[in-house]
1. Return only the number of the condition from (1) touching a strand residue (DSSP E or B) at 6+ places or on another chain (Cβ under 9 Å); (2) surrounded by fewer than 18 Cβ atoms within 10 Å (Cβ to Cβ); (3) closer than 24 Å to E256 by Cβ; (4) modelled with pLDDT of 95 or more that G218 does not satisfy.
2. Condition (residue is farther than 24 Å from R191 by Cα, of a type in the set (V, I, T) and touching a helix residue (DSSP H, G or I) at 6+ places or on another chain (Cβ under 6 Å)) applied to segment 290-302: is it met by at least one residue?
3. Quick one: is F64 in contact with a Phe, Trp or Tyr (Cβ under 6 Å, 6 or more places away or on another chain), aromatic (F, W, Y) and part of a helix (DSSP H, G or I)?
4. Counting only residues that are surrounded by fewer than 20 Cβ atoms within 10 Å (Cβ to Cβ) and of a type in the set (A, V, I, L, M), which one in segment 141-161 is nearest to N292 (Cα to Cα)?
5. Return a yes/no flag: does segment 126-140 have any residue that is surrounded by 20 or more Cβ atoms within 10 Å (Cβ to Cβ), in contact (Cβ under 8 Å) with a residue 12 or more places away in the chain and more than 26 Å from E319 (Cα to Cα).
6. Is at least one residue of segment 289-303 closer than 24 Å to L160 by Cα, buried (at least 22 other Cβ atoms within 10 Å of the Cβ) and touching a strand residue (DSSP E or B) at 6+ places or on another chain (Cβ under 6 Å)?
7. Using the structure shown, decide if I128 is within 15 Å of T44 (Cα to Cα) and in contact with a Lys or Arg (Cβ under 6 Å, 6 or more places away or on another chain).
8. Can you run down the residue pairs with Cβ atoms below 6 Å, 6 or more apart or on separate chains, where the first is in segment 111-123 and at pLDDT 95 or above and the partner is outside any helix (DSSP H, G or I) and hydroxyl-bearing (S, T, Y)?
Amino acid sequence: MKRYLLLFLFFCSVFLTGCGEVMVSENLTLTRANAPKYNEQYITVGFIQTGKESDWRDANTNDFLNTFTKESGFNLIYIDGNSDSDRQRKAMNDLIRQKVDYIILDPIVEDGWEETLERAKENHIPVIISDRQVKADPSLYTCWVGSDFYSEGINAVIWLEEYLEQAGRKDDPLKIVILEGTKGASAAIGRTMGLQKKIQEHPNWQVVAQECGNFTQGEGKTVMEKILAEHDDFDVLISENDNMMFGAMLAMDQNEVSYGVGGKVITISFDALHEAFEKMIEGDLMASIECNPLIASAARKVIQQLEMREPVDEIHYIEESVFSYENAAEYMEERKY
């Protein structure tokens with residue numbers, strides 16, 4: 001019954017909106033306390049988010065809230081993980097006890113999920129892993145949807161190579177600083193691996209500092225202040241998300257370090273947020289490798305396939321691009337986050 005009603009509501013939404021998405025108020029928030037009561041006419045989905053650590057995460061959360069609506073045939077239970085993996089595991093066990101129809105998990109870290117995923121499988125609750133990944137037997141969850149973080153890291157260095165060649169600096173020795181994301185997070189692991197692989201192809205490039213800033217602007221500033229106290233001579237700053245870069249820029253401003261177009265330090269980050277586009281247009285940020293937060297429609301499609309008992313691919317990559325100070329203005333108006 002549920003799956004037929006879902007398809008009916010979904011196609012109605014396509015007819016009414018012309019694009020298959022039902023928009024709701026930007027102020028809509030669902031918390032564990034006031035989540036809608038379960039009703040057999042709706043599909044109940046529990047979504048366990050990492051927290052509110054960045055602007056990217058806010059855009060990702062809003063995408064799920066605006067996609068899994070009653071108008072689309074869903075009851076959504078949204079749970080903020082508050083950057084605490086133990087809290088996430090407790091929330092998942094709670095959803096299992098309540099016998100929700102599906103669970104979408106965005107894990108803070110990759111480790112420690114085997115037992116909880118086994119419990120979900122025993123209770124016949126499909127689990128979709130979103131954005132970040134888990135180190136667990138793939139048979140314990142349905143699939144993963146999100147970004148190819150390793151390729152993002154590769155693409156960052158490819159942009160740097162092309163920029164240096166165009167500037168006539170192809171053979172220049174470089175001193176590089178890397179701001180890493182949260183330890184154990186898939187985005188940090190993948191991007192770091194991609195960066196390291198490509199950087200190692202250049203024997204005259206040297207990583208002089210590599211510190212964790214936990215994907216937050218505040219820690220990005222603090223870590224950058226520490227790095228500047230120890231390394232006052234470097235050529236490239238690569239931040240594994242935009243927010244850490246924004247914090248690092250504040251630290252460089254305070255220490256009178258020039259950066260960006262015409263500056264001493266080449267600045268590269270990840271996510272491609274709206275503010276990053278503003279900074280690229282201003283010339284402060286030279287490149288931002290996109291990490292698309294609009295994942296919810298892919299997760300919804302997986303659930304629709306499962307409801308119709310159709311096979312589901314194990315991996316679903318989201319389409320992404322590379323933007324720079326040279327093309328940011330062309331794409332600014334069409335950005336959704």
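The values are calculated or read from the model by the stated rules, or taken from the named source; none is laboratory data. This structure is a prediction, so every number in the text was calculated from the model and none was measured. Every residue, glycine as well, gets a Cβ built from its backbone with ideal geometry; the counts of neighbours run over all protein chains shown.
1. Exception for G218: condition (1).
2. No.
3. On the way: in contact with a Phe, Trp or Tyr (Cβ under 6 Å, 6 or more places away or on another chain): yes; aromatic (F, W, Y): yes; part of a helix (DSSP H, G or I): yes.
Here the answer is yes, as F64 does meet what is asked.
4. Per the stated criteria, the residue is I154.
5. no
6. yes
7. no
8. Note: pairs meeting the criteria are L117/Y141.
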